[in-house]
Each structure stands twice: as structure tokens, then as C-alpha cells.
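The values are calculated or read from the model by the stated rules, or taken from the named source; none is laboratory data. Here the structure is a predicted model, which means the values were calculated and not measured. Cβ: placed from backbone, ideal geometry, glycine included. Neighbour counts: every protein chain shown. Calculation scope for accessible area: heavy atoms of the full protein, side chains included, ligands and nucleic acids excluded. Shrake-Rupley method; radii C 1.70, N 1.55, O 1.52, S 1.80 Å.
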Amino acid sequence: NDVRPITILRVCGKMDLFGKKTDEIASLWNDFTTTIQKLTFGYDGYVVDTSAGKDDTCFMMCAFGLAPKQHADDAMRGVLAALGMVEQCIVKRVLNSCKASVSSGPCFTGSVGIKECRRIVVLGEAVNISERNLGIISEGVIHDLNTSLAIGKSLPQVSVKENCFRPYKGSSMTGAYR
């Protein structure tokens with residue numbers, strides 16, 4: 001248990017559950033979870049939390065920089081994972097809509113609970129900022145100032161609001177993730 005620089009990725013989307021049977025819903029959740037886990041683990045991150053909300057909304061929180069998998073480029077890993085998640089969830093038709101928010105900063109990390117059911121916990125301003133920034137966009141990826149500074153010019157990005165940025169592909173905004 002300690003405080004360390006962490007990159008938080010929150011991904012949120014809507015599933016089309018209307019008229020679906022229980023096994024179909026379970027299959028969609030499995031597809032969503034598998035897609036997010038593969039991308040998260042592919043960039044050496046951890047899936048910290050999964051939940052469902054009202055109106056067929058699903059959420060996952062991932063963290064990059066937890067011990068022992070710390071990298072100098074954890075912010076970039078978080079943004080690249082987020083871009084992949086949004087793209088894959090839409091392309092695979094796992095979700096009707098998908099958005100992700102990435103935020104970086106010092107967080108308390110550790111495990112809590114009884115030994116039979118330990119859970120990773122991540123607490124800090126970066127967690128709160130990643131949640132708040134999800135409300136700014138309707139789809140695509142957004143990241144905070146700390147993440148923007150960490151990735152620098154390695155990935156094209158555009159400011160969309162004070163301390164909020166969007167990564168984009170290509171040399172013009174026509175390739176922007178909305």
C-alpha cells in the first residue's frame with residue numbers, strides 16, 4: 001500500500017439489452033469484459049473495477065502503473081488502450097456507444113478485504129478527474145492535463161476544454177476521435 005503516480009482509464013458504454021434473453025446479456029458482458037481485459041493487459045495495466053449502471057450502461061476502471069508493472073510511459077499506454085477499447089467495442093458491436101477518459105496523477109494504491117477475496121483499490125484525484133471528464137464527451141477518448149504533459153508530442157492531441165485534451169489520428173482534425 002502506497003502513493004504512486006498512476007494512470008486511470010475509465011471506459012463507459014451502452015449495451016443494447018432490449019428484448020435480450022439472460023444468456024444473450026451474459027454473452028454481451030463477456031464480450032465487453034474480454035475486449036477491455038485484453039487491451040488493458042496488453043499494455044501492462046490492471047482492470048480494477050467493473051459495474052453496470054442505469055439505462056444499460058456498463059463501466060470499467062483500469063489502472064496503469066501499479067506495482068510491479070510500472071513504466072515511464074504509463075500515460076501513453078493508458079491513452080493507447082483507451083483508443084483501442086473505444087474502437088474495438090464499436091467495431092465488434094459489443095456496445096452501441098463507447099467513450100473513455102484517461103487521467104494521471106498520484107494515487108493511493110493497495111489491496112483491501114479478507115484474504116479469500118482481496119481487491120485492488122486506487123484512490124486519488126486522478127480517479128475523480130477521469131470520472132468527471134467522462135461527462136464532457138459523448139463518444140471517443142478524452143484525457144487530462146497531466147496525461148497530456150506525460151505523452152507530450154508523441155501522440156497528436158487537441159485541447160477541447162481547459163485541462164482536457166483529445167488524441168487524434170492523422171495530421172488534421174478530420175481524423176479526430178469525437
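Some points to look at:
- Flag if L80 is surrounded by 14 or more Cβ atoms within 10 Å (Cβ to Cβ) and farther than 17 Å from I137 by Cβ: yes
- Test: residue in segment 45-59 that is over 19 Å from L155 (Cα atoms) and at pLDDT 95 or above: yes
- Across segment 149-163, the number of residues qualifying as farther than 16 Å from A81 by Cβ and either modelled with pLDDT of 90 or more or among the aliphatic types (A, V, I, L, M) (or both) comes to 3.
- Verdict on C89 being within 17 Å of the chain's Cα centre (by Cα), surrounded by 14 or more Cβ atoms within 10 Å (Cβ to Cβ), closer than 18 Å to N128 by Cα and not aliphatic (A, V, I, L, M): no
- Looking only at segment 29-68, residues that are open to solvent by 60 Å² or more (accessible area, probe 1.4 Å), closer than 19 Å to V122 by Cα and either in contact with a Leu (Cβ under 8 Å, 6 or more places away or on another chain) or assigned to a helix (DSSP H, G or I) (or both) come to 3 in all.
- Any hit, segment 96-108, residues being part of a helix (DSSP H, G or I) and open to solvent by less than 10 Å² (accessible area, probe 1.4 Å): no
- Residues of segment 122-151 that are without any contact (Cβ under 8 Å) to a residue 60 or more places away in the chain and open to solvent by less than 30 Å² (accessible area, probe 1.4 Å): N133, I137, G140, I142, D144, S148.
- The set of residues from segment 112-155 being more than 20 Å from M60 (Cβ to Cβ) and either hydrophobic (A, V, I, L, M, F, W, C) or in contact with a Pro (Cβ under 7 Å, 6 or more places away or on another chain) (or both) comprises I114, L145, L149, A150, I151, L155.
- Per-region count, segment 119-143, residues over 23 Å from Q88 (Cβ atoms), among the charged types (D, E, K, R) and within 17 Å of the chain's Cα centre (by Cα): 2
- Checked against (1) on the phi < 0 side of the Ramachandran plot; (2) under 16 Å from the mean Cα position of the chain (by Cα), A26 meets all criteria but (2).
- In the set (1) at pLDDT 90 or above; (2) within 17 Å of the chain's Cα centre (by Cα); (3) not in a strand (DSSP E or B), the condition left unmet by E116 is number (2).
- Of the residues screened, V112 is not one that is under 26 Å from R132 (Cβ atoms), of a type in the set (A, V, I, L, M) and buried (at least 16 other Cβ atoms within 10 Å of the Cβ).
- Matching entry among F41, F59, F64 (being free of Cβ contacts under 8 Å to residues at least 60 places away in the same chain, hydrophobic (A, V, I, L, M, F, W, C) and in contact with a helix residue (DSSP H, G or I) (Cβ under 8 Å, 6 or more places away or on another chain)): F64
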